[in-house]
1. When the solvent-accessible surface of protein heavy atoms is calculated with a 1.4 angstrom probe, in what order do Tyr78, Tyr54 fall, highest first?
2. In nm, what is the difference between 0.36 nm times the number of residues separating Gln95 and Lys61 and their Cα-Cα distance?
3. In terms of the Cα gyration tensor, with a ≥ b ≥ c the square roots of its eigenvalues, is the chain rounded because a/c is under 1.5, prolate because a/b exceeds b/c, or oblate?
4. Round to the nearest 10 and give me the degree value, 0 to 90, for the angle of helix 106-133's Cα axis relative to the longest principal axis of the chain.
5. Quick one: in region 52-149, what % of C-alpha pairs are over 17 Å apart?
6. For region 79-185, state which GluC sites (Glu not before Pro) are in a DSSP loop and have at most 13 other beta carbons lying within 10 Å of their beta carbon.
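The values are calculated or read from the model by the stated rules, or taken from the named source; none is laboratory data. Note that this is a predicted model, so its numbers are computed, not measured. Quick reminder, even Gly has a Cβ in these numbers, built from the backbone with ideal geometry, and neighbours come from all protein chains shown. In case anyone asks, the SASA skips ligands and DNA or RNA and just uses the protein heavy atoms, side chains included. Shrake-Rupley method; radii C 1.70, N 1.55, O 1.52, S 1.80 Å.
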Amino acid sequence: LKGLCTMLASDGIEDCRKACGGNGFLLSSGIGALSGDYLEFPTAEGDAAMLQLYLARYLVKVLQGIAKGQPPQGSCDYLAVVGQAGFSLQAHRPQPSPTPTALRDLDTLVALYRYRALRSLLAVSGEIMRRVAAGMAADDAWSETSMQLVQAARAHCFLVILTTFAAACRAAEDAGLQRAVSRLC
């Protein structure tokens, strides 16, 4: 999550600075100082893309473990469906939303994000396996699919963020608070 979140925050700060034009550089705006203070965070413990590739490597290993009968745990539990007999990605595709307002439902959003993360990871791991089966070295196959691997890692991170947010919304005891916070999506 660190690689994605620091990059999103840094990009957001930069967008705010640009939106303010020349005033975005002034210390009085607060954005200039924030920008200067924050720009190092995406690379403080490694490049954001490299951190996402580490996550992608872990996710691919989880898929390999599922093939060997090892159940996924934690934030990867959505991958357990891959180990089910007769697994079909198409069977796990969410139904199209009947109305645009249906996309405000947290369960619908979580299902869509889960499918995207699952589809992205299966696609890139399948591509790596195809390349290796065709005689390419595993490291070369990994390097040539690095952009897809980063996309799969990002999809996983967005799913974790949304799932955590949805759980926090459901845990709110005040119904009015639940409605208000769930509208933030």
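1. Working: Tyr78 20, Tyr54 140 Å².
Final ranking, largest accessible area leading: Tyr54, Tyr78.
2. 9.3 nm
3. oblate
4. In the chain, helix 106-133 runs at an angle near 50 degrees to the longest axis.
5. The answer is 57 percent, as a whole percent.
6. Numbers: sites: Glu127, Glu144, Glu173; in loops: Glu173.
Hits after loop and neighbour filter: Glu173.
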